[in-house]
Amino acid sequence: MPLSRRPVTATEFLAAPGPRTKRTDVIIEVLREEIVSGRLPRGSRLPTERELAMHYGVSQPTVREVIRALDVMGLVDVRHGSGAYVRGDSAYLMATALQTMLQIENVGIFDVLDVRELLGRESVRLAAINATAEDIAACREALARLERVAEQPDVDTLIDCISRFQRLLATAAHNPLLLALETVLINLLLQIQVRVLGRRGVKFWRERSSGFQPDRVAIIDAIAAGDADRAATAIENYLQRQREAFLADPDLSLVRLSDAKAIRAAADAVTSARAPE
């Protein structure tokens, strides 16, 4: 994939670098801009190390360092023997950034719930205004699957059903940033529960999920009726019930995002950070 020459190139930056600017940092920033602007499209293959080195007037080891950094940032996918390909997945990038911040700040599980409630309330308000007939049909289909909770064969399948329902609510708001943020928090909270409570078995999870079903029905009915206030109240009840379940469980109530199980859950949340299919 050819590199853009405008609005700026690393060669131009490197010709007059700042007093403390590293050449690798400049090239990383230029390639990052090429990716996020779409000039290097998602799925496209980056030029080879040799080509990049010639383009930017640097050594191949310098280019290798740049590619490693872009890989860590989640911007490219390095496939050994094939090259580096643009990832450009906004949900993945959001998830990795939030994962790092939550762990560095040693955020607690109830801090995550606080933000989830704020976003969820706004999301369903928007959904009550913006949801299409297709959005509502998809939510009702996901709701029906959760109604048949006894048919879900294992914990992973049940968690996928719960995650899909919650993400479809966020999708119905038709706000991409809100969807990306909520997707991360939804997956994070579910994966933490799986990591901490996973050994309790599918029967426990079926009973736990069933307790939330009346709230799910109330949320969808309010959105379908176009009643933003009623939808907001319904999801507040839904998330308050979740908070109470966390408070009542000694294994969950003290979890912090720097804990080993929470770190693994965050990694799982990053992997699953994508919009509903």
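The values are calculated or read from the model by the stated rules, or taken from the named source; none is laboratory data. Note that the structure is a prediction, hence the values are computed from the model and not measured. Note that each Cβ is placed from the backbone with ideal geometry, even for glycine, and that neighbours are counted across all protein chains shown.
Mind checking which residues of region 45-65 are in a loop (DSSP other than H, G, I, E, B) and surrounded by 15 or more Cβ atoms within 10 Å (Cβ to Cβ)? Result: Leu46, Pro47, Val58. The set of residues in region 127-184 that are among the hydroxyl-bearing types (Ser, Thr, Tyr), modelled with pLDDT of 90 or more and under 18 Å from the mean Cα position of the chain (by Cα) comprises Ser163, Thr171. Go through region 84-112 and report how many residues are crowded, with 18+ Cβ neighbours inside 10 Å and at pLDDT 90 or above. Count: 2.
Inside region 189-232, can you point out the residues that are in a helix (DSSP H, G or I), under 11 Å from Ala128 (Cβ atoms) and not small (Gly, Ala, Ser)? The answer is Ile219, Ile220, Asp221, Ile223, Asp229, Arg230. Applying the criterion of being outside any loop (DSSP other than H, G, I, E, B) and polar (S, T, N, Q) to the residues of region 145-186, the residue that is surrounded by the most Cβ atoms within 10 Å (Cβ to Cβ) is Gln166.
Looking at Thr24, is it modelled with pLDDT under 90, over 26 Å from Leu185 (Cα atoms), touching an Asp or Glu at 6+ places or on another chain (Cβ under 6 Å) and not in a strand (DSSP E or B)? Taking the combined requirement at face value, the residue satisfies it. Residues considered: Arg216, Arg200. Of these, the only one that is touching a Phe, Trp or Tyr at 6+ places or on another chain (Cβ under 9 Å), modelled with pLDDT of 75 or more and among the basic types (Lys, Arg) is Arg216.
Name the pairs: first residue in region 199-210 and under 10 Å from Val155 (Cα atoms) and touching a residue at least 40 places away in the same chain (Cβ under 8 Å), second residue surrounded by fewer than 13 Cβ atoms within 10 Å (Cβ to Cβ) and of a type outside the set (Ser, Thr, Tyr), Cβ to Cβ under 7 Å, at least 6 apart or on different chains? The qualifying pairs are Val202/Asp154; Arg206/Ala150. For the criterion of being closer than 20 Å to Gln193 by Cα and in a helix (DSSP H, G or I), Val124 fails. For region 113-126, filtered to residues that are closer than 21 Å to Ala245 by Cα and of a type in the set (Lys, Arg), the residue that is modelled with the highest pLDDT is Arg121. The number of residues in region 109-131 being over 18 Å from Pro176 (Cβ atoms) and without any contact (Cβ under 8 Å) to a residue 40 or more places away in the chain comes to 2.
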